[in-house]
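For reference, the structure discussed in these notes is given below.
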Amino acid sequence: MFALARTVVYATLFIGLVLVFLPGRVLAWSGVTSPPAIRVGQIAGMVAAAAGGALALWCIFTFALVGKGTPAPFDPPRRMVVRGPYRFVRNPMYLGAALALAGAALYYESAALTVYAGAFLLITHAFVRLYEEPTLRASFGAEYDEYCLRVRRWWPTLDGGVRTR
């Protein structure tokens with residue numbers, strides 16, 4: 001239960017900073033305001049943002065309940081997490097966050113927020129390659145290597161990682 005409490009605190013801080021505060025600053029800096037009317041683009045943006053947020057939250061709670069840890073690098077899961085959305089793609093939390101950002105960019109019709117979402121993905125990719133993957137390989141060894149053979153880093157496998165490359 002303590003892992004769940006830690007997860008809620010860390011996730012709130014991460015989501016608050018990366019998915020709410022910084023995008024809000026980007027929108028303010030670029031002079032973008034809320035659209036005067038809700039059109040198809042805004043509805044699509046809301047759906048994408050909600051789907052991305054739901055995916056990210058599913059990942060966060062999977063880390064706490066299955067992995068007995070948090071998404072924070074300084075308090076990682078104690079067990080390797082290969083259930084839930086991690087069964088289909090190795091980095092679903094980042095994909096959910098990127099989808100939420102892309103949805104916000106679509107809602108606001110903001111090129112600046114689109115660039116922010118792209119930068120988020122590039123920085124995340126570098127973080128995954130340079131820190132997360134080596135750390136997971138050192139922590140979980142062959143189990144992680146086998147997982148990497150079954151499940152792709154960024155592109156979901158719809159067969160739940162049954163196939164091999």
The summed charge of the Phe140 Cβ neighbourhood (under 12 Å; Lys/Arg +1, Asp/Glu -1) stands at -2
Each label point is 7 Å from the Cα along the Cα-to-Cβ direction; what then is the distance between the points at Glu146 and Ala44, in nm?
4.3 nm
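Exactly which chymotrypsin sites (Phe, Trp or Tyr not before Pro) in the stretch 100-165 are in a DSSP loop and have at most 11 other Cβ atoms within 10 Å?
Here no chymotrypsin sites (Phe, Trp or Tyr not before Pro) fit, given the DSSP loop and packing criteria.
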Roughly what percent of Cα-Cα pairs across the chain reach past 28 Å?
26 percent
Signed unit charges on C-beta, dipole axis of the stretch 1-121, positive-most listed residue Thr33, Ala98, Met80:
Met80
If you place +1 on the Cβ of every Lys and Arg and -1 on the Cβ of every Asp and Glu, how big does the dipole about the Cα centre of the stretch 2-150 come out, in debye to the nearest 20?
240 debye
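Just so you know, all these numbers are worked out from the coordinates, no wet-lab data involved. Keep in mind the model is a prediction, meaning the values are calculated, not measured. Cβ sites come from the backbone with ideal geometry, for glycine too, and all protein chains shown count toward neighbours.
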